[in-house]
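The values are calculated or read from the model by the stated rules, or taken from the named source; none is laboratory data. Note that the structure is predicted; figures quoted are calculated from it, not measured. Glycine gets a Cβ as well: all are built from the backbone with ideal geometry, and neighbour counts include every protein chain shown. For accessibility, only protein heavy atoms count, side chains too; no ligands or nucleic acids. Shrake-Rupley method; radii C 1.70, N 1.55, O 1.52, S 1.80 Å.
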Amino acid sequence: MRIAVPYENGMVVPAFEQATMFKLYDTENDQVVKELTMAAGGSGAEILTDFLAAANVKMLLCGAVAGKTIALLDEKGIMFQWGVLGKADEKVQEFLQDQLAAKRFPSCGSQGGCCGDGDSECSCGDGCSGCDEVY
């Protein structure tokens with residue numbers, strides 16, 4: 001199975017739609033057998049989900065994710081676990097050992113705003129007030 005993590009300086013990028021790089025992990029028998037870091041060629045829900053599908057990703061581990069992205073991931077058959085923060089390599093190992101404890105973050109879904117569709121200036125953290133949905 002190929003796992004993808006939005007990646008920057010060894011860490012999981014907190015807001016999926018703002019990622020421009022991914023670290024890809026090829027796994028067999030719950031072990032990483034190959035690692036590859038790739039540029040996504042842009043940011044935003046459509047570009048990133050198209051990139052993941054073209055890279056044959058089956059599982060995405062990510063921080064906050066917008067409702068629009070959730071629909072696109074589902075459409076492309078990519079499973080995901082959100083609320084993941086920290087060192088990417090460690091989080092993949094925790095996932096493979098079924099020990100990954102994801103946290104919940106506010107999201108404004110496809111409405112934009114905090115963790116929105118990538119077109120917003122807001123990032124997760126400050127400015128998230130008023131968001132009604134949590135994914």
From Ser123, Ser129, residue being part of a loop (DSSP other than H, G, I, E, B), of a type in the set (S, T, N, Q), at pLDDT below 90 and under 17 Å from Val12 (Cα atoms): Ser123
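Can you tell me which residues in the range 56-70 are part of a helix (DSSP H, G or I) and open to solvent by 10 Å² or more (accessible area, probe 1.4 Å)? Steps first, please.
Quick first cut of the range 56-70, residues part of a helix (DSSP H, G or I) only: 67-70.
Matches in the range 56-70: Gly67, Lys68, Ile70.
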Number of positions in the range 18-27 that are without any contact (Cβ under 8 Å) to a residue 40 or more places away in the chain and assigned to a strand (DSSP E or B): 4
Positions within the range 28-72 being without any contact (Cβ under 8 Å) to a residue 60 or more places away in the chain and among the acidic types (Asp, Glu), in sequence order: Glu28, Glu35, Glu46, Asp50
